[in-house]
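Below is one structure, written out as structure tokens; the observations come after it.
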Amino acid sequence: EAQVTQNPRYLITVTGKKLTVTCSQNMNHEYMSWYRQDPGLGLRQIYYSMNVEVTDKGDVPEGYKVSRKEKRNFPLILESPSPNQTSLYFCASSLPDRGRHEQYFGPGTRLTVT
Amino acid sequence: QQPVQSPQAVILREGEDAVINCSSSKALYSVHWYRQKHGEAPVFLMILLKGGEQKGHDKISASFNEKKQQSSLYLTASQLSYSGTYFCGTEIGGRGSTLGRLYFGRGTQLTVWP
């Protein structure tokens with residue numbers, strides 16, 4: 001089944017404790033992206049990757065790191081999480097086909113930083 | 001850079017029509033539309049590239065006016081299953097184009113009652 005998977009789905013952690021949220025897709029998509037979703041603010045892009053070893057900052061990259069060492073995986077790293085990073089995080093991927101980024105979203109990771 | 005969506009919320013009876021608008025202050029390369037049901041990930045509806053194209057998907061269609069930097073999503077004869085939050089996402093075109101970088105609106109909450 002074609003899908004984007006994220007782990008963990010739920011995470012409660014403390015300020016300053018490094019964490020990684022994994023994202024994997026099995027569709028051979030070139031493009032992958034991370035978003036955070038906060039009430040009333042919609043989706044905001046954190047980082048995106050057009051292909052392996054190519055990553056770019058989105059709208060809200062501060063406090064996050066990513067890497068794209070292989071096509072299927074795009075982990076999101078929080079080196080020193082803070083309470084303002086409490087949010088719902090989505091990973092997404094797309095082919096893209098002739099510039100059309102039809103994105104498939106993962107199920108989301110709800111992160112709480114205390 | 002974040003597009004502006006209007007209205008913020010719509011309440012309809014089954015069978016009624018609705019229009020959701022998305023407006024940007026920047027020249028656009030593409031406009032994406034997604035629907036998100038409560039507790040779920042966003043799901044792709046359609047994408048429109050510059051050129052003023054109009055697309056349709058069942059009873060949901062959209063238009064893209066490149067000159068006005070606006071897009072509209074049309075929901076015809078709404079069904080209960082149309083309930084959810086609709087997001088538009090935009091890619092900037094023209095000078096300073098950054099394909100792959102997506103800006104999402106804050107969403108329009110659509111509720112369809114029987």
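Worth a mention:
- Applying 1/(1 + (r/R0)^6) with R0 = 22 Å to the Cβ-Cβ distance of B:A9 and B:H38 gives a FRET efficiency near 0.95.
- At most 11 other Cβ within 10 Å, DSSP loop - trypsin sites (Lys or Arg not before Pro), segment A:14-105: A:K17, A:K18, A:K69, A:R98
- Once backbone amide H atoms are built at 1.01 Å from N, B:M46 has B:W33 as its partners under 5 Å, excluding neighbours fewer than 5 places away on the same chain.
- Radius of gyration, Dmax [chain B; alpha carbons; angstrom]: 13.6, 47
- Site pair B:K68 and A:N73 shows an inter-label distance of 4.8 nm when each label is modelled 7 Å from Cα along Cα→Cβ.
- Within the straight-line cut-off of under 24 Å between alpha carbons, the lysines reachable from A:K65 are A:K17, A:K18, A:K57, sequence neighbours fewer than 8 places apart in one chain being disregarded.
- Here, chain A is characterised by an Rg to Rh ratio of 0.95, where Rg is the alpha-carbon radius of gyration and Rh the Kirkwood radius.
- In terms of overall dimensions, the protein assembly as shown has a Cα radius of gyration and Dmax of 17.4, 51 angstrom.
- Phi angles of segment A:3-13 translate, via the Karplus equation with coefficients 6.51, -1.76, 1.60 and θ = phi - 60°, into HN-Hα couplings of 6, 10, 10, 10, 9, x, 7, 9, 8, 10, 9 Hz per residue; Gly and Pro are given as x.
- Listed by chain and number, the lysines whose C-alpha is less than 16 Å from the C-alpha of B:K50, apart from same-chain residues fewer than 8 away, are B:K26, B:K67, B:K68.
- For GluC sites (Glu not before Pro), the sites in segment B:5-114 that DSSP calls loop and that have at most 16 other Cβ atoms within 10 Å are B:E14, B:E16, B:E40, B:E53.
Read the figures in this text as sums done on the coordinates, not as results from a lab. All values derive from a computational prediction rather than experimental measurement. Note: ideal-geometry Cβ built from the backbone for every residue, glycine included; neighbour counts use all protein chains shown.
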